[in-house]
Amino acid sequence: MTFNLPPNPLKGEKDKNSLMINYPVLSQFPELLHFCTTRHGGVSSGDYSAFNISPYSGDSAENQQHNLRILAKELKLLPQQIVFPYQTHSDKIRIITDDFLHFSPAQKTEYLNGIDALITNVPTICVGVTTADCVPILIYDAVNKAIAVAHAGWRGTCARIVQKTLQLMHDVFGTKPNDVYTSIGVSISPDVYEVGGELIVTFENANFPVNEIFIRRDNKLYLDLWNANKWLLLQSGVPESQIEIAGICSFKQSDNFFSARKFGLKSGRMLSGIMLK
């Protein structure tokens, strides 16, 4: 069983300026805060309009910092409690401990450079990843009270970053697959994610079920990152009933969410975050 949100979560008049959305499978836990930001409510302009959270995609630092303060205020946090890395489509993972809060700005930047997944068990630290078509995956170990977030484009998916994140959670916090609840968030859908044929070989060499995650239609090839990451979670032993595919396409709903395929790399990014209250 998967928990699917409606195809357009922000179509109501009340919701058209919503700063963020939530996902059902994680919303059942009152001890958790989680979200994916939208395009609405910020101060950025052009292809960053309006609620760009990323400082790494070309937006002005002033606008990005203003947007981060808006988000922090909405979450009733300080901006420094929201931690996200400089992502490079790697499979590198960092654990965020209490010590991180005492790092200098330069130390924090170095620690988060080239990282694509974060893990913590420290309450009031919100860990996140920024995306604009790539897949954000939010993870909660409901028994050991550990959380994680991973950024999985095709490279990260092929490198099995979500499985490596779960393995590190097991090694450090004792996480067991049966205790894990996870949301595969807003990202580009297999309806529109057209890719080159060389990726079939790449994924086949990585032992993925290519017939299940690649779709041929009208002489074009499409990649299903949603089900590729669901397959990885199932292979790790996470129960299917605890895996949620949000089913919201960033490209098709680019009025509400950022899409690098639609707007280009020099455009805004959403933040997907999770925190233990």
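Please treat every number below as a calculation from the coordinates, not as lab data. This is a predicted model, so every value here is computed, not measured. All Cβ positions, even for glycine, are placed from backbone atoms using ideal geometry, and neighbour counts span all protein chains on display.
Numerical summary
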read-out	value
Sequence-distant residues sharing a close amide H with residue 269 (under 5 Å, placed H)	53, 54
Convex hull volume per residue in cubic angstrom - Cα atoms of the chain	126
5 angstrom amide H check on residue 135, placed H, neighbours 5+ away	152, 153
Burial ordering of 164, 266, 76, 230, fewest other beta-carbon atoms within 10 Å first	76, 266, 164, 230
Hydrodynamic radius of region 122-250 per Kirkwood, over alpha carbon pairs, in Å	15.0
Farthest positive-ward along region 63-141 dipole, Cα basis, beta-carbon charges - from 104, 136, 117	104
Residue-by-residue Karplus 3J(HN,Hα) for region 17-29, coefficients 6.51, -1.76, 1.60, Hz, glycine and proline x	10, 4, 6, 7, 10, 10, 10, x, 5, 8, 5, 6, 9
Segments 25-31, 139-145 sorted - mean Cβ within 10 Å per residue, highest first	139-145, 25-31
Highest-first arrangement of 153-160, 46-53, where packing means the average Cβ count within 10 Å	46-53, 153-160
Pair-distance profile P(r), taking every C-alpha pair of region 103-142, with 5 angstrom steps and integer %	5, 17, 24, 27, 16, 10, 1
Cα-based radius of gyration of region 51-106 once divided by 2.2 N^0.38 Å, which approximates compact folds	1.25
Estimated vicinal HN-Hα couplings, Hz - region 173-179 in sequence order (Karplus 6.51, -1.76, 1.60; Gly, Pro = x)	10, x, 4, 10, x, 5, 9
Relative contact order for the chain, counting Cα pairs under 8 Å that sit 6 or more residues apart, in percent	27
Convex hull per residue volume in Å³, alpha carbons only, for region 20-65	90
Cβ-defined net charge surrounding residue 242, 13 Å radius [Lys, Arg +1; Asp, Glu -1]	-2
Residue 205-residue 113 pseudo-label distance in nm [points 7 Å out on the Cα-to-Cβ vector]	2.9
For region 39-48, 3J(HN,Hα) per residue [Karplus equation, 6.51 cos²θ - 1.76 cosθ + 1.60, θ = phi - 60°, Hz, x = Gly/Pro]	8, 9, x, x, 10, 6, 10, x, 6, 9
Antiparallel bridges, percent of DSSP beta bridges restricted to the chain (to nearest 5)	75
Region 24-117: relative contact order as a whole-number percent, Cα under 8 Å and 6+ apart	19
Highest to lowest packing among 239-246, 103-110, scored as the average C-beta count within 10 Å	239-246, 103-110
If the convex hull is drawn through the Cα atoms of region 166-238, its volume per residue in Å³	98
For residue 20, distant residues with modelled amide H under 5 Å away	38
Helix-only [θ]222 nm of the chain, DSSP H runs n ≥ 4, -39500 (n - 2.57) each, per residue, nearest 500	-7000 deg cm²/dmol
